[in-house]
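A short reminder: the numbers here are calculations on the coordinates, not readings from a lab. Here the structure is a predicted model, which is why all the values come from computation and not from measurement. Note that we place each Cβ from the backbone using ideal geometry, even for glycine, and neighbour counts take in every protein chain shown.
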Amino acid sequence: MMQPAGFPAPTGRTNAARDGRGRLFGAFVMIAALVFGAPSQADDALSVVATTGMIADAAREIGGESVSVRALMGAGVDPHSYRQTRSDIVALVQADLVLSHGLYLEAQMEEFLRRLSTRQTVVAVAETLSRERLLGHADYENKFDPHVWMDPAMWSDVVLAIRDALTEVRPAEGEGFARRAQAYLAEIEKLGRYAEAATETVPEDSRVLLTAHDAFAYFGRAYAFEVIGIQGISTESEAGLRRISDLVDLLVERDISAVFVESSVPERNVRALVEGAASRGQDVRVAGTLYSDAMGAPGTYEGTYLGMIDHNVTTIVRALGGQAPAQGMAGRLGEGGP
Ligand SMILES: [Zn+2]
């Protein structure tokens with residue numbers, strides 16, 4: 001089960017600047033390893049570094065007090081453009097286990113993670129999903145859509161991979177990991193049932209989800225929504241004026257009146273779309289902020305995976321004419337969140 005980051009072997013690119021930067025990071029990893037020493041001893045809490053908040057959340061739930069987990073990317077951080085900082089590198093080389101997402105989500109960290117995997121246990125947890133369950137995308141050739149957390153059923157299998165990675169590194173704690181993973185999976189299953197029941201109440205012709213970037217394809221597949229992102233699957237490429245004007249046409253033609261912004265993507269494209277539609281006499285409102293690629297503020301319910309998806313489902317359903325309680329499946333939305 002344990003495997004290096006699962007990224008393809010180096011392609012032999014000869015970009016000098018890229019190689020130079022790679023060497024620099026390599027040297028820094030070496031120095032950090034010398035200065036800060038080896039991973040902690042076996043009797044300490046297992047030190048885990050996760051790239052995204054969603055992975056870190058699962059590792060905390062499963063690990064309980066046996067693990068100490070650090071997430072590199074906090075609330076509002078875009079994983080497609082995130083680059084490791086020096087303090088991240090120190091944490092990564094000191095960790096007993098590094099959990100990355102994979103599927104090219106951490107595009108700017110890919111090369112660094114590949115190098116790190118030659119001296120560290122790095123598990124790309126979403127790479128464990130079978131390829132048949134993954135979606136592709138026209139503008140993302142030879143790659144899969146990485147946003148698998150949007151479907152609780154798929155995320156459950158990633159949670160199992162996180163459990164397995166923890167167990168592999170700390171087999172003595174395997175029983176506790178298994179027990180807590182089971183309890184957490186039951187919560188995710190409950191979330192999935194809520195999402196299914198709530199989304200079913202949205203009228204058929206309102207099931208169009210238009211957001212800042214294409215993060216909701218798995219959500220759309222699971223709950224029968226048509227999803228449209230202004231930017232593509234990654235936020236790496238900018239949306240052109242042409243794309244905005246095509247989407248304005250679509251809003252007018254289809255009489256779509258609600259679109260969504262995302263907490264980890266700047267709002268300007270969505271605003272441009274709303275203004276473009278208004279100039280054509282189509283009244284479109286921004287119906288809420290969704291958590292696409294990052295969870296909400298730490299310490300809030302929305303700052304957990306369960307709260308993140310509950311918020312998204314509840315916001316989408318209520319905005320598009322369906323029925324869901326304002327405080328979500330557990331009455332906890334907005335407790336201390338945005
Ligand atoms: Zn994304």
Mean separation of Cα contacts under 8 Å, 6 or more apart, over the residue count of the chain: relative contact order %: 17
Full-stretch length increase - Ala224, Arg70 - with 0.36 nm per residue and alpha-carbon distance subtracted: 52.0 nm
Gaussian network model of the chain, springs between alpha carbon atoms under 10 Å - residue of Ala71, Ala224, Ala138 with greatest fluctuation: Ala138
Candidates Glu141, Glu110, Glu168, ranked by Gaussian network fluctuation over the chain, Cα under 10 Å, top entry: Glu141
Whole-Å distance, taken between Cα centres, linking the stretch 269-338 and the stretch 97-155: 25
Glu275-Ser81 FRET efficiency (beta carbon distance; Förster radius 35 Å; 0.05 resolution): 0.90
Full-extension gain in nm, Ser130 to Lys143, via 0.36 nm per residue minus C-alpha separation: 3.3 nm
Summed side-chain charge close to Leu320 - residues other than Leu320 whose Cβ falls under 14 Å, Lys, Arg +1, Asp, Glu -1: -1
Derived scalar couplings ³J(HN,Hα) [the stretch 263-275; Karplus, 6.51 cos²θ - 1.76 cosθ + 1.60; whole Hz; x for Gly, Pro]: 5, 10, 10, x, 7, 4, 5, 5, 4, 4, 5, 5, 5
Charge dipole (the chain, unit charges on Cβ, about Cα centre) - positive-most of Gly321, Ala178, Gly74: Gly74
Residue-by-residue Karplus 3J(HN,Hα) for the stretch 178-191, coefficients 6.51, -1.76, 1.60, Hz, glycine and proline x: 5, 5, 5, 4, 4, 5, 5, 5, 5, 5, 5, 5, 4, 4
Added length on full extension, which subtracts the Cα-Cα distance from 0.36 nm per residue, Ala153 to Ala178: 7.2 nm
Within the chain: Cβ-based charge dipole about Cα centre, in debye rounded to nearest 20 (Lys, Arg +1; Asp, Glu -1): 780
Neighbourhood net charge (11 Å Cβ-Cβ; Lys/Arg +1, Asp/Glu -1) for Asp255: -2
Sites Asp44 and Arg193 - FRET efficiency at Förster radius 35 Å, r taken between beta-carbons, to 0.05: 0.35
On Cα atoms only, tilt of 16-36 relative to the major axis of the chain in degrees: 60
Using θ = phi - 60° and Karplus 6.51 cos²θ - 1.76 cosθ + 1.60, couplings along the stretch 229-246 (whole Hz; Gly, Pro as x): x, 5, 8, x, 5, 9, 8, 5, 9, 7, 7, x, 4, 4, 4, 4, 6, 4
Cβ-based net charge around Tyr301, under 15 Å, with every Lys or Arg adding one and every Asp or Glu removing one: -3
The chain - Rg and Dmax from Cα coordinates, angstrom: 20.6, 66
Relative contact order (percent, whole number), the stretch 202-319, Cα cutoff 8 Å, 6+ residue spacing: 22
Nearest-ten-degree value, helix 305-319 long axis tilted from longest Cα axis of the chain: 10
